[in-house]
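My questions all concern the structure below.
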Amino acid sequence: FQPMLESTVVDLSLIAGYKTKLGEWDFDLSNTNGYNQFDYGISNTVNDALGINSPTSFDAGGHTFLQNTVNLDFSKFDDTVMSGLGLAFGAEYRYENYTIYAGEEGSYIGNGANSFPGFAPNNEVDEQRSSVGIYADVELNFTDKFLVDIAGRFENYNDFGNTINGKIAARYKLTDAVVLRGAFGTGFRAPSLQQQYFNTVDK
């Protein structure tokens, strides 16, 4: 008697984009879509609550995650300012959806299938999040050896509100083989939908 946890995983992704120049600016528009489905199965097991009529394999349910991101970026480099000035700005829209779906009743009824009780209807979730962000970045080469970069980003989450973050970084080239780098920045990352809503116990 050795229960076997089996899984079927589906991963799909599609990326499309368009690049061109608008005057002195490089223009980049892209859309990235990704989808993952993780379906659990368990075999060589029983559910004690079903007694002698228990099947020995079950569909235990699973979860899915979808993310779609649209990016719009503008950038240019001006070699007439000191040793070079790089400018960039852009925007991003992101949508996410996370679900948990129940398995067959025999996988979760009572104490569930031995080794891995399935997801039950009270574990099911269907949650979404959307966010909009804008950013700007300035990179100045004071000399061929010394560079300073300053960047800032504003983001609005429909479930976490607004956040503003910044970064400053510098690089000094001592030799062709030795470079000194340093950076300081703030950051915020909202907990993923999986971190917020994954559950396997009775609510």
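Can you tell me which residue within region 7-55, out of those that are among the hydrophobic types (A, V, I, L, M, F, W, C) and touching a Leu at 6+ places or on another chain (Cβ under 6 Å), is farthest from Val70 (Cα to Cα)?
Ile42
Here is a yes/no grid of residues against (1) modelled with pLDDT under 95; (2) polar (S, T, N, Q); (3) within 30 Å of Asn97 (Cβ to Cβ); (4) open to solvent by less than 90 Å² (accessible area, probe 1.4 Å):
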site	(1), (2), (3), (4)
Ile168	no, no, no, yes
Thr175	yes, yes, no, yes
Ala183	no, no, no, yes
Lys203	yes, no, yes, no
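Please find, among Asp59, Asp39, Asp11, the residue that is more than 30 Å from Glu139 (Cα to Cα), over 23 Å from the mean Cα position of the chain (by Cα), of a type in the set (D, E, K, R) and assigned to a strand (DSSP E or B).
Values: Asp39 fails: over 23 Å from the mean Cα position of the chain (by Cα); Asp11 fails: over 23 Å from the mean Cα position of the chain (by Cα).
Going through Asp59, Asp39, Asp11 in turn, the sole match is Asp59.
Out of the residues in region 185-200 that are hydrophobic (A, V, I, L, M, F, W, C) and touching a residue at least 60 places away in the same chain (Cβ under 8 Å), state the one that is surrounded by the most Cβ atoms within 10 Å (Cβ to Cβ).
Ranking the qualifying residues of region 185-200, first place goes to Leu193.
Please give the number of the condition Ile52 fails out of (1) surrounded by fewer than 14 Cβ atoms within 10 Å (Cβ to Cβ); (2) modelled with pLDDT of 95 or more; (3) of a type in the set (A, V, I, L, M).
(2)
Additional query: Restricting the first residue to region 87-100 and requiring it to be among the acidic types (Asp, Glu), which pairs with a second residue that is open to solvent by less than 30 Å² (accessible area, probe 1.4 Å) meet a Cβ separation below 6 Å and a spacing of at least six or different chains?
Sorted first by the residue in region 87-100, then by its partner, the pairs are Glu92/Gly133; Glu96/Arg129; Glu96/Leu193.
Can you name the condition, by its number, that Gly41 falls short on among (1) open to solvent by less than 50 Å² (accessible area, probe 1.4 Å); (2) touching a Pro at 6+ places or on another chain (Cβ under 8 Å)?
(2)
For region 100-118, check the following and say yes or no: at least one residue is buried (at least 17 other Cβ atoms within 10 Å of the Cβ), in contact with an Asp or Glu (Cβ under 6 Å, 6 or more places away or on another chain) and closer than 29 Å to Gly17 by Cβ.
no
For region 138-166, give me the residue count where each residue is part of a strand (DSSP E or B) and either open to solvent by 40 Å² or more (accessible area, probe 1.4 Å) or on the phi > 0 side of the Ramachandran plot (or both).
So the count comes out to 10.
So which residues in region 119-131 are surrounded by 15 or more Cβ atoms within 10 Å (Cβ to Cβ) and within 20 Å of Gly187 (Cα to Cα), if there are any at all?
Correct list: Arg129, Ser131.
The values are calculated or read from the model by the stated rules, or taken from the named source; none is laboratory data. Note that the structure is a prediction, hence the values are computed from the model and not measured. In this analysis, Cβ positions are derived from the backbone assuming ideal geometry, glycine residues included, and neighbour counts consider all displayed protein chains. Note: accessible area is taken over every heavy atom of the protein model, side chains too, but ligands, DNA and RNA are not part of it. Shrake-Rupley method; radii C 1.70, N 1.55, O 1.52, S 1.80 Å.
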